[in-house]
Amino acid sequence: MKKARKHAFSLRLRLLTSYLALLLITLSVGAMALMFLIGGRRAPHAPTFARLAALTQGLNYLDFIADFPFDRGRDLLQAQVHELLDVFAERRAVRTLHISVRTEGPIVLHDSAGKYTPGALIQLRGEGYHNKQLAKVLGRGSEQFFGSFVDPDSGEWLYAGVMFGQQRGFSARVASKDLWLLAEPQPTVSLQETLSVFSNALAPPLLQAGIVGILFALLLAALISRTIAQPLQRVAKAATGVARGDDSVNVPVSGPPELRSLAESFNHMTAEVQAANAAQRDFLSNVSHDLKTPLTSIQGYAQAIVDGAADDPQAAAQIIYEEASRLNRMVVELTHLEQLQAGKLSMQRERIDMALLCDGVVNSLQVVAEQRHIQLETDLRPVPDIIGDGDRLAQVLTNLVSNALKFTPAGGIVQVALARSGGGAKVTVRDTGVGIAWDDLPRIFERFYQADKVRGPRRGNGLGLAIAQEIVEAHQGRISAESGGEGCGAEFVVWLPGASGV
C-alpha cells in the first residue's frame, strides 16, 4: 500500500513538473515570438510623414523659382531647379522627385536617386495623412499629398508631396499639375528598439501576467494530476488485492475516458478471473466425483479378484477395463484441449463434403437414438465444400449430437440441418430436450463449466463443448448456442467458411 501511494505521489509530482515546464516553455516561446514579430514589423507612417513635411517647408519651391530670370526657357529653368533639388537631397539625406500629373498617369521628370528615368511612369499610393503646419506655410490653392510608392530596386518608399496653386506668376514658369516630392525608405522597427520597448513597457505587465498564469496553472495542474493519479492509485490497490487472491474487488469508473476505459477493463478482468476460478472449482468438484466413481469400482472389483470373491472374474475385469477407459478418455480430452488452446495440435487440410460428414455422424448415432426412443432427423441441403480436418469436425458434430440425445427424453426429436450461409456451411443441431438455463447459456462454452449440474450421473466433465469451440475456431468458424430456457430444448449452430473463403 505504501509503495502504491509512493508511486501515486511520484506520478503527481511528475505531472505537476511537466505542466509547469510546459507553461514556462510556452511563455518563453510566446515572448520571443512577440519580440521578433514586433522587431520585424513596419514602423508607423505618421512619424516619417511629419519629418518629410518639415523638410518640405524648408525646401520652399517658390523661392527656387523666384531666383531665376523670367526670360529663361522652361527647359533650362527645370534643369536648374533639378540641380538645386539634387543639392537639397544630398544635404538633407532625402530623395527628391519632380512628377508631372498627366492623363496617362504620373510621369517622373526628375529623380535625385536616379532610379526612375525621365518620362517613366510611377505608381503613387495615397494615404489620408494631413499636416496642419505645412498647410499654414503653403499658399492658397496648393495641395499636400502623402503616401508610398514601390521602387523597382529598393522596395517601398514613403513620400510627402506638394502641388502648388497659381500665384505670383508661378504658372508661367512651372505647370500647375506638377508634384514635388520628398521621399524616404519605409522604416522598420529594429530588434534593439523592440527590446527597449519590451523592457520598458511590456516586460512588467507580461511578468505579472506570467506569475498569475503560473499560479493558476499550478492549481489547475494539481487538480488534473489528482484526477489522473487517484484512479490509477485505486487500480494499483485493487491489482494488489487480486494478486493476494481477492478476486472480488472492483474499482470505481471515473476520470478521463482513458482512465475510465482502464477501470472498465480491470473490472472486466476481475470478473473473468472470478469466472475462471469458479469454473476451476466446479471442475475440481466434478473431476473428483468423476474420478472417485471409476476408481472406487476399479479398486473394489480388483480387490474381489485378488481375494477370489468375484463370482465372475471375467465380468469384473471387463468393468475394470471400461472404467479405466473412461479415465483415459478424460485425460485425452484434457490433453487435446491444452494442445488446441496452445495451437500445438496438428490439423489436416483437405476438402470436405459437409453433407457426407453430417450423414456419417448421424448414421453412427442412429442406434443410440433408437435405444433411447428418440427420433433423429436430418435436413441436409447442398453447401460449399469445407477445407479442414474431417476427423476433428466429425468430433465436433458427434459431441453436439451426443449431447442432444443425452439431454432429450424418450419421444423427443433431435434434428441435424445443413444449409448454405454467408459463403460457407451452417450446421444446426436442435433438440426438444431439457434446454439450458438463462444463467448458464453465456458460459456454456467455458472450459470446465457444466450447465447440467442437476442432471445426476449423466453429466460429463465440462470439456466437450470447450474442445468443440476450439476446433471450430481453428477452422476460422463460429459456434453458438441458443435456448428458450429450461424445458424448451436447445439449438447449437456451427458456421464454417467455404473452400473459396479459406
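None of the figures in this text is laboratory data; all of them are computed from the coordinates on show. Bear in mind the structure is a predicted one, so any value in this text is a computation, not a measurement. With ideal geometry, Cβ positions are generated from the backbone for all residues, glycine too; neighbour counts draw on all protein chains shown.
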Check your understanding: Taking 0.36 nm per residue of separation and subtracting the Cα-Cα distance, what length does fully extending A317 through I305 add?
Key -> 3.5 nm
Exercise for review: On each of the three principal axes of the Cα atoms of the range 312-419, give max minus min coordinate, whole Å, ordered largest first.
Suggested key: 53, 42, 21
Revision key, fill the gap. Residues whose modelled amide H sits under 5 Å from the amide H of A425, counting only those 5 or more places away in sequence or on another chain, are L496, G498
Practice item. Compute the length gained on full extension between A209 and V332: take 0.36 nm times their separation in residues and subtract their Cα-Cα distance, giving the result in nm to one decimal. Key: 36.6 nm
Study note, to complete from the structure: Here, the range 92-157 modelled as identical Cα point scatterers in vacuum has Debye log10 I(q)/I(0) at q = 0.16 Å⁻¹ of -0.65
**Study point:** Theoretical FRET efficiency, 1/(1+(r/R0)^6), r = Cβ-Cβ of T227 and A275, R0 25 Å, to 0.05
**Key:** 0.20
